[in-house]
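In what follows, a structure is listed as structure tokens, so that the remarks can point back to it.
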Amino acid sequence: VNFALNGSAPNWTGTPLAMEVCDGIDNDCDGTVDEGCDVRIAVKVMLDGPYDANTGLMQDGVRALGLVPTTEPYTGLGYAHVGGGGESTAPGVLANTGADAIVDWVVVELRDPDDPTIILATRSALLKRDGDAVDVDGTSPVTMPIGAGTYHVAVRHRNHLGCMTANAAALAPAPSTLDFTTPATATFGTNARKSVAGLVPAQVLWAGDVTFSGSVQYTGVGNDRDPILVTVGSTTPNNVVSNTYSTRDVNLNGSVQYTGAGNDRDP
């Protein structure tokens, strides 16, 4: 149905009471295009580098130094977004302190339920100290640009190994909850997360992928150790590069360090 009223055409094409399809057209003629074509997910995940098992929180040293960018960093790292990319937040969101303080950006991926090598939708999100991955407003569940359905869910970080659900999860516009910090959430592969003991034990993402290659390697071609040394200076291994937002900053304290206490090489 598409007819003119008083000489002007309404901004829709479709059939009343038809099912809405995620195709950029107002299929059901209700004046809204592609309603219900987003799903929302409340993801919880911890990063090994900044995680403190004594408090159950991650450190937010990078944010405290004012280094977390207001625009997601993954496009600049060569990550190919699907439907997402270019997300940005307000400086006020990065000013929050306490358990809700932002640690860094992560990427949430939704993958095909039958072939999880196929990425169907992505979105950059903000990660809080308490492990909550939230949308760019700093509070809401992550909105994914895809219709309701069943998907494998993966989370990636710029210098930690990502992880993915072993099973596909049913997602819808109403927020679903997924907690990667507990062993009760089955993950794809073997030892996809690191088990951290302490007062507040948790499953965390493995630290050390400073090249954002999907693997952590200490020696050999393409290893993750040498870039840390190159950053501080190949002939000055005792040097510390401070106040930097770098994938070489494995523990996310805002500096890159090759030797000494709290260095980024040993992890």
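The values are calculated or read from the model by the stated rules, or taken from the named source; none is laboratory data. Everything numeric here is computed off the predicted structure, so don't read it as measured data. Neighbour counts run over all protein chains shown; Cβ positions are idealised from the backbone, glycine included. Quick note on the areas: whole protein, heavy atoms, side chains included, nothing else; ligands and nucleic acids left out. Shrake-Rupley method; radii C 1.70, N 1.55, O 1.52, S 1.80 Å.
A few points about this structure:
- Residue pairs whose Cβ atoms lie under 7 Å apart, separated by 6 or more positions or on different chains, with the first residue in segment 149-161 and among the aromatic types (Phe, Trp, Tyr) and the second crowded, with 22+ Cβ neighbours inside 10 Å, are TYR151/LEU110; TYR151/ARG111; TYR151/LEU171.
- Checking each residue in segment 208-232 for being closer than 27 Å to GLY189 by Cα, of a type in the set (D, E, K, R) and over 18 Å from the mean Cα position of the chain (by Cα) picks out ASP224, ARG225.
- Residue check, GLY84 in contact (Cβ under 8 Å) with a residue 40 or more places away in the chain, open to solvent by less than 40 Å² (accessible area, probe 1.4 Å) and not hydroxyl-bearing (Ser, Thr, Tyr): yes
- Identity of the residue in segment 52-81, among the aliphatic types (A, V, I, L, M) and open to solvent by 50 Å² or more (accessible area, probe 1.4 Å), that ends up nearest to ALA202 (Cα to Cα): ALA64
- Whichever residue in segment 110-147 is closer than 21 Å to PHE188 by Cα and β-branched (Val, Ile, Thr) and, among such residues, is least open to solvent (accessible area, probe 1.4 Å): THR122
- Number of the exception - THR165 against (1) crowded, with 20+ Cβ neighbours inside 10 Å; (2) in contact with a Gly (Cβ under 9 Å, 6 or more places away or on another chain): (2)
- Yes/no for THR150 being open to solvent by 20 Å² or more (accessible area, probe 1.4 Å) and either assigned to a strand (DSSP E or B) or not hydroxyl-bearing (Ser, Thr, Tyr) (or both): yes
- Yes/no for THR185 being among the β-branched types (Val, Ile, Thr), buried (at least 17 other Cβ atoms within 10 Å of the Cβ) and over 17 Å from the mean Cα position of the chain (by Cα): yes
Residues are listed down the side, and each one gets a yes or a no for (1) in a loop (DSSP other than H, G, I, E, B); (2) crowded, with 19+ Cβ neighbours inside 10 Å; (3) modelled with pLDDT of 95 or more:
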position	(1), (2), (3)
ILE228	no, yes, yes
ASN243	yes, no, yes
ARG248	yes, yes, yes
ASN251	yes, yes, yes
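- Among residues of segment 120-137 that are among the polar types (S, T, N, Q), those with a beta-carbon under 6 Å from a residue that is assigned to a strand (DSSP E or B) and open to solvent by less than 40 Å² (accessible area, probe 1.4 Å) at least six positions away or on a different chain give the pairs THR122/VAL107; THR122/GLU109; SER124/TRP105; SER124/VAL107.
- Verdict on TYR218 being without any contact (Cβ under 8 Å) to a residue 40 or more places away in the chain and assigned to a loop (DSSP other than H, G, I, E, B): yes
- Residue list for segment 253-267, filter: open to solvent by 40 Å² or more (accessible area, probe 1.4 Å) and in contact with a strand residue (DSSP E or B) (Cβ under 7 Å, 6 or more places away or on another chain): PRO267
- First in segment 98-118 and part of a loop (DSSP other than H, G, I, E, B), second anywhere and open to solvent by 10 Å² or more (accessible area, probe 1.4 Å) and of a type in the set (Ser, Thr, Tyr), Cβ under 9 Å, 6 or more apart: ASP112/TYR151; PRO113/THR150; PRO113/TYR151; PRO116/TYR151
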